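First comes the structure, then the notes that go with it.
The values are calculated or read from the model by the stated rules, or taken from the named source; none is laboratory data. Worth saying up front: this structure is predicted, and the values here are computed from it rather than measured. For neighbour counting, all protein chains shown are included, and Cβ atoms are generated from backbone atoms with ideal geometry for every residue, glycine included.
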Amino acid sequence: MILVPMTLTGYFQRHEVWIDRMWGLIVVFLVLLSACGPVTPPKELLTKIPEDKSAQITIAEPRLVLTKTSFKKIIGWNGDKHDQALVVFIRSCAKIKKIPIRFPMGSIGGVADDWQKPCNIASALPLDRPDLARRFFETRFQPFLATADGRPEGLFTGYFEMELRGSWLRKGPYTTPIYERPPELVEVNLGVFKNDLKGQKLLGKVVAGKLIPFEDRGEIEAGALSGRGLELIWVDSPIDAFFLHVQGSGRVMMDDGTIIRIGYAARNGHSYYSIGKELIKIGELKRERVSMQSIRSWLKDHPRKAAQLMATNRSFIFFQITDGALKSLGKQHGPVGAQGVQLTSGRSLAVDRRYIPLGTPIWLDTTDPVNTSDPLRRLVVAQDTGSAIKGPVRGDLFWGFGATAATKAGLMKQTGRYFLLLPKK
């Protein structure tokens, strides 16, 4: 699922005449991008906009604040099946062990060396002993309540692996393309050029020596990439294709009888915008009725307006084939997340990796999306990311594949909190 992006650093090594102009281009690009959505400033950075010298506008990101606690104070801790979470954590360890020892695991994760011993111990434990698994997490990790500037409550949503119908060729009902990553798409790591922009990235393309925004959803769906051979496959529903972009991965039942799995490869760089918010804004849906199911129903009931509505989300995702020409895919054979490991239904969480290192065990404390009076408390592992998952206390729970997973993911919009488990060292 990993494609190495072309960075602007390499591009400028071959075009040294532009180096002195780099910052001018980035400033122009930031202005252009601001029209598409807000540019998130780095942590603890105040962005001042001196349009009017008599007044200044400041934007500050919320901070991740951790409060040390104990497992005895975590409600529901003893009732979980910790052996299930142990299996998921071991998968993350396989990736963590390959990281250089001194490689930083994020602002709160220490370095990879801090995780090596817990990972080695986890790998040696039996996988059918919940008691030993619970004891492992209690002795090797310290729990912290995570808050956003002291506020523990956050938003938790869900996602799932959807199923589409597709073909290798454009024919019959298969008229909606799923695109692979265009070669001209470049990724700019702003931290390479200036330390206080560390962690900030821009995506675009270089045209006539200038860095400009990549085409947005409306432009791409109007044919901006047509005729270039970038069509990975064709599917029979533009609505399914749109929700594939939201979910980030899917299984495709091909017309030749095989099954393929496609996953995230890149995005066009425009900010994600919820079409659910747009439906609320224009008065088509009430806030309490917005779900994946209600949005899908509206799109099907308004075919002439559907394309226009979907285009308000200017973000566009490019895909790659992660499993090809298979006869079947079991429910336990999950897609691969941002950490590069298979996701596990009900145990893998997408987070904002600017705050939370991938591979971190997290105690999730929220409510069930179907039976909202029932608590949903369990140990999960941060193994994925998402363009809409932003903030110190924000999570997207992977529900797996199938009708039940689709229902839970579509309805999940719960408030809750979580506790990070960090190595005691």
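In summary, strands (runs of 3 or more DSSP E) completely within region 217-297 and bearing 1 or more residues that are touching a residue at least 40 places away in the same chain (Cβ under 8 Å) and among the polar types (S, T, N, Q) occur at 249-254.
Residues in region 117-162 that are within 23 Å of Val336 (Cβ to Cβ) and aliphatic (A, V, I, L, M) were compared, and the one that is nearest to the chain's Cα centre (by Cα) is Met162. Inside region 150-176, residues that are closer than 20 Å to Leu349 by Cα, part of a loop (DSSP other than H, G, I, E, B) and among the charged types (D, E, K, R) make up a count of 1. Report, by residue number, each residue of region 364-423 that is among the hydroxyl-bearing types (Ser, Thr, Tyr), assigned to a loop (DSSP other than H, G, I, E, B) and free of Cβ contacts under 8 Å to residues at least 40 places away in the same chain. Of everything in region 364-423, just one residue is among the hydroxyl-bearing types (Ser, Thr, Tyr), assigned to a loop (DSSP other than H, G, I, E, B) and free of Cβ contacts under 8 Å to residues at least 40 places away in the same chain, namely Ser373. The residue list Leu379, Leu397 contains one member that is at pLDDT 95 or above, in contact with a His (Cβ under 9 Å, 6 or more places away or on another chain), surrounded by 21 or more Cβ atoms within 10 Å (Cβ to Cβ) and within 22 Å of Val87 (Cα to Cα), which is Leu379. For the condition β-branched (Val, Ile, Thr), within 26 Å of Arg261 (Cα to Cα), touching a residue at least 60 places away in the same chain (Cβ under 8 Å) and in contact with a helix residue (DSSP H, G or I) (Cβ under 9 Å, 6 or more places away or on another chain), Val336 does not qualify.
Results for (1) of a type in the set (A, V, I, L, M); (2) part of a strand (DSSP E or B); (3) modelled with pLDDT under 95, shown as yes or no for each residue.
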{"site": "Ile90", "(1), (2), (3)": "yes, no, no"}
{"site": "Lys98", "(1), (2), (3)": "no, no, yes"}
{"site": "Gly106", "(1), (2), (3)": "no, no, yes"}
{"site": "Gly109", "(1), (2), (3)": "no, no, yes"}
{"site": "Leu127", "(1), (2), (3)": "yes, no, yes"}
{"site": "Asp131", "(1), (2), (3)": "no, no, no"}
{"site": "Arg134", "(1), (2), (3)": "no, no, no"}
{"site": "Gln142", "(1), (2), (3)": "no, yes, no"}
{"site": "Ala146", "(1), (2), (3)": "yes, yes, no"}
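Kindly indicate the residue of region 70-88 that is assigned to a helix (DSSP H, G or I) and touching a helix residue (DSSP H, G or I) at 6+ places or on another chain (Cβ under 6 Å) and also nearest to Leu376 (Cα to Cα) among those meeting that condition. Looking at residues that are assigned to a helix (DSSP H, G or I) and touching a helix residue (DSSP H, G or I) at 6+ places or on another chain (Cβ under 6 Å), I get Trp77.
Scanning for something modelled with pLDDT of 95 or more, in contact with a Phe, Trp or Tyr (Cβ under 7 Å, 6 or more places away or on another chain), surrounded by 19 or more Cβ atoms within 10 Å (Cβ to Cβ) and of a type in the set (A, V, I, L, M, F, W, C), does region 234-242 turn up at least one residue? Yes, region 234-242 contains at least one residue that is modelled with pLDDT of 95 or more, in contact with a Phe, Trp or Tyr (Cβ under 7 Å, 6 or more places away or on another chain), surrounded by 19 or more Cβ atoms within 10 Å (Cβ to Cβ) and of a type in the set (A, V, I, L, M, F, W, C). Is at least one residue of region 335-349 in a loop (DSSP other than H, G, I, E, B), surrounded by fewer than 18 Cβ atoms within 10 Å (Cβ to Cβ) and either in contact with a Lys or Arg (Cβ under 8 Å, 6 or more places away or on another chain) or not polar (S, T, N, Q) (or both)? Among the residues of region 335-349, at least one is in a loop (DSSP other than H, G, I, E, B), surrounded by fewer than 18 Cβ atoms within 10 Å (Cβ to Cβ) and either in contact with a Lys or Arg (Cβ under 8 Å, 6 or more places away or on another chain) or not polar (S, T, N, Q) (or both), which makes the answer yes.
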